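Student: The structure follows.
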Amino acid sequence: MREEKPKSPSQKNKSQKKNRWFWPAIYSGLAIVFVGMVWGFNAIVQKDSADEIEVTQQPNNELVVETNATNEVLKYPFNEDDHDSMAILQEYYDAEADEEMREKALLVFSQTYLTNKGVSISMEDQPFEVVAALSGTVEEVVIDEFAGSEITITHADGLTTIYSSLTGILVKEGDQVTQGQSLGTATSNEWNAAAGTHLHFQVLEDGIPVNPRSYLAF
């Protein structure tokens, strides 16, 4: 039987040096992998954020941050703190609704009945601030003392909102407005005197009027 020779001191030193560097090398490798994963995650997060937020430089050197309006959902065209004081006086005309709802959706002017393409919102016959239900572009502003002034705003995804029976208009055609921005004040008008001080609010999908109640819980 062959007898193993004892290791020389030089062989022992080589073995100890090898063991001494083995685990540090493993730890260093794992650290590099971990740092790479963190860097990659941060790069993905920053890319996603860049897709949602655009920063533009204006001529006056002011930075303007534009959020992605497609992430918004339609909100009330008034201060939400006033929600409990608001009431729908005249409903959107839905041909499939019951008789009582259809009657409440008829507008009368000069002995002529018209179907309501929006809702008439009142705050106990008092003036109230009207705000943009979504961010968008002011498409049209019509100043009309008889019927009350009107603002049309276009939004992402083919939506349009119309705000009528206003006074004190605060925007103009071509303006970019943000959700919740003040547009004017609800007022009364001679065309729909029966509603008193109110906001007539319409929502259109690809140019077709739809019931605002399908978006908002009045």
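Student: Of all residues in segment 113-137 being modelled with pLDDT of 95 or more, assigned to a loop (DSSP other than H, G, I, E, B) and in contact with an Asp or Glu (Cβ under 8 Å, 6 or more places away or on another chain), which is farthest from residue 93 (Cα to Cα)?
Tutor: The qualifying residue farthest from residue 93 (Cα to Cα) is 135.
Student: Further, regarding this structure: Is it the case that segment 142-160 has a residue that's hydrophobic (A, V, I, L, M, F, W, C), part of a loop (DSSP other than H, G, I, E, B) and without any contact (Cβ under 8 Å) to a residue 40 or more places away in the chain?
Tutor: Scanning segment 142-160 turns up at least one residue that is hydrophobic (A, V, I, L, M, F, W, C), part of a loop (DSSP other than H, G, I, E, B) and without any contact (Cβ under 8 Å) to a residue 40 or more places away in the chain.
Student: Here's a check for you: in segment 156-211, which residue that is under 18 Å from residue 79 (Cβ atoms) and under 17 Å from the mean Cα position of the chain (by Cα) is most open to solvent (accessible area, probe 1.4 Å)?
Tutor: Checking each candidate, the answer is 178.
Student: With respect to residue 134, determine if the residue is in contact with a strand residue (DSSP E or B) (Cβ under 7 Å, 6 or more places away or on another chain) and of a type in the set (A, V, I, L, M).
Tutor: Taking the combined requirement at face value, the residue satisfies it.
Student: Right, another one. Working only within segment 153-177, note down all residues that are of a type in the set (A, V, I, L, M, F, W, C) and at pLDDT below 95.
Tutor: 156
Student: Oh, and also: Do you know which residues across segment 110-135 are at positive phi and touching a residue at least 60 places away in the same chain (Cβ under 8 Å)?
Tutor: Of everything in segment 110-135, just one residue is at positive phi and touching a residue at least 60 places away in the same chain (Cβ under 8 Å), namely 125.
Student: With the requirement that a residue be open to solvent by 50 Å² or more (accessible area, probe 1.4 Å), hydrophobic (A, V, I, L, M, F, W, C) and at pLDDT 90 or above, what does segment 64-104 give you?
Tutor: 73
Student: Does segment 162-218 hold any residues that are in contact with a Lys or Arg (Cβ under 7 Å, 6 or more places away or on another chain) and assigned to a strand (DSSP E or B), and which are they?
Tutor: Answer for segment 162-218, where residues must be in contact with a Lys or Arg (Cβ under 7 Å, 6 or more places away or on another chain) and assigned to a strand (DSSP E or B): 202, 209.
The values are calculated or read from the model by the stated rules, or taken from the named source; none is laboratory data. Please read all numbers here as calculations on a predicted model, not as lab measurements. Counting neighbours? That spans all protein chains shown, and the Cβs are built from the backbone with ideal geometry, glycine included. Only protein heavy atoms, including side chains, enter the accessible area calculation; ligands, DNA and RNA are left aside. Shrake-Rupley method; radii C 1.70, N 1.55, O 1.52, S 1.80 Å.
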